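Shown next, in structure tokens, is the structure this report addresses.
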Amino acid sequence: MKAIWYEENGGPEVLQYGELPDPDAGPDTVVVRVEYVSIEGGDLLNRSVTPPRKVPFIPGYQAAGTVEAVGAQVTKFAPGDRVVAFNWHGSHAEFFATPEKYVYPIADGLPTQQAAIIPVAFGTASDALFEYGRLQPGETVLVQGAAGGVGLAAVQLAAQAGARVIGTASGRQRLARIEPFGMDHGIDYRSEDIAQVCLELTGGKGVDIVLDMAGGHSVGTLLQAMRFRGRYVVIGASTGTLPSFGFFELIRRAATVHAVSFGGEMHLPRVHDLIASLSRRMARGMLQMPVERIFPLADAAAAHAFVANNHPFGRVLLKP
Ligand SMILES: NC(=O)c1ccc[n+]([C@@H]2O[C@H](COP(=O)([O-])OP(=O)(O)OC[C@H]3O[C@@H](n4cnc5c(N)ncnc54)[C@H](OP(=O)(O)O)[C@@H]3O)[C@@H](O)[C@H]2O)c1
């Protein structure tokens, strides 16, 4: 099959394209003929910093397409079914093999291209807000990194749950594009003081929940933006580094920190129900994710560079 792989960590230039053997179909495996690969923030982070477990290493968490083959123990899927699938690696290829527990049917009427985006972005955002963050209607949530995949999902889910949504992005133009998704107030993280604006908007109290996709050095500012007894949900490190917390800062605010590891829960029945529900909501037009650009699979290195450098709005896809 045609595939993308790398042998050592590095920038997009480590990605190679060519012919690799088709994936093995074990007894519990579903093999998906890939139509769309969704490039996830974590794909870039892994390529940069996580040593490949074996080489050649095919990157990629998520892709959607049609079931090509199933192992003898697979009960829920058959060849021809439209599915979106997750795995810890392997989506950047013509065929994506993954255990049945990581395969989700696509709702009737939902285009495969849109379905390819759902599980990681919308599932992570939902767990951050509700499973961990216990968001209540009327509360205020600050979404750090609101123009990315998880961020845009979080803005929509929080707004539709009756929360007030403050989001950050790099520049007013990007913020203006997020507003129709349900964001009440946008902060340009490059030029504005996030804590000061959040305190002004909440009458000095601070936001109830912070969702942090970016990590890095803004953790102090985000804690200042949060109310006493607020909840800080650690999701990602799109700056390249995860946030780190001083216990004194946490105690002073009686803060709770939640760490989300959505991939570690994607096999659970509750997550299968969640993804089915998100898929139906997207099929009904209630949830959306803009696709900034679609690259051929062969141009994955250019696609990764585009995601890293061009601030895409929403998602970038690959098409084998
Ligand atoms: N824990 C989990 O289970 C889990 C699940 C999914 C994803 N993640 C992680 O979450 C992160 C986001 O994923 P994604 O797929 O949404 O990525 P993405 O689509 O690439 O979006 C990343 C966002 O981060 C923003 N950002 C970058 N630097 C920033 C800074 N200094 N301050 C504020 N915002 C900044 C960018 O905003 P601008 O473009 O506007 O600059 C962009 O919107 C990744 O690190 C990913 O690995 C974790």
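The values are calculated or read from the model by the stated rules, or taken from the named source; none is laboratory data. These figures come from a predicted structure and were not determined experimentally. With ideal geometry, Cβ positions are generated from the backbone for all residues, glycine too; neighbour counts draw on all protein chains shown.
List of remarks:
- Restricting 49, 37 to those that are within 16 Å of the ligand (Cβ to nearest atom) and surrounded by fewer than 17 Cβ atoms within 10 Å (Cβ to Cβ) reduces the list to 49.
- Boolean, residue 297 is in contact with an Asp or Glu (Cβ under 8 Å, 6 or more places away or on another chain) and among the aliphatic types (A, V, I, L, M): yes
- Any pair with Cβ under 9 angstrom, 6 or more apart, that starts in segment 231-251 at a residue that is within 15 Å of residue 126 (Cα to Cα) and among the hydroxyl-bearing types (Ser, Thr, Tyr) and ends at one that is modelled with pLDDT of 95 or more and assigned to a strand (DSSP E or B): 232/209; 232/210; 232/211; 232/212; 232/226; 232/256; 232/257; 232/258
- Count of residues meeting criterion [in a loop (DSSP other than H, G, I, E, B) and over 23 Å from residue 184 (Cβ atoms)] in segment 197-250: 10
- Within segment 44-56, at least one residue is touching a residue at least 60 places away in the same chain (Cβ under 8 Å), touching a Phe, Trp or Tyr at 6+ places or on another chain (Cβ under 7 Å) and over 18 Å from residue 319 (Cα atoms).
- Residues that are in the same structural domain as residue 239 (by TED's automatic domain parsing), crowded, with 24+ Cβ neighbours inside 10 Å and within 16 Å of the chain's Cα centre (by Cα) do occur in segment 132-144.
- Segment 236-252 - residue that is among the aromatic types (Phe, Trp, Tyr) and exposed (fewer than 14 other Cβ atoms within 10 Å of the Cβ) and, of those, farthest from the ligand (Cβ to nearest atom): 248
- In segment 263-292, the residues that are touching a strand residue (DSSP E or B) at 6+ places or on another chain (Cβ under 9 Å), closer than 17 Å to residue 314 by Cα and surrounded by fewer than 17 Cβ atoms within 10 Å (Cβ to Cβ): 290, 292
- A single member of 257, 271, 307 is assigned by TED's automatic domain parsing to the domain that holds residue 220 and either part of a helix (DSSP H, G or I) or more than 18 Å from residue 151 (Cα to Cα) (or both), and it is 257.
- Residues of segment 148-177 that are near the ligand (Cβ under 9 Å from one of its atoms) and β-branched (Val, Ile, Thr): 150, 168.
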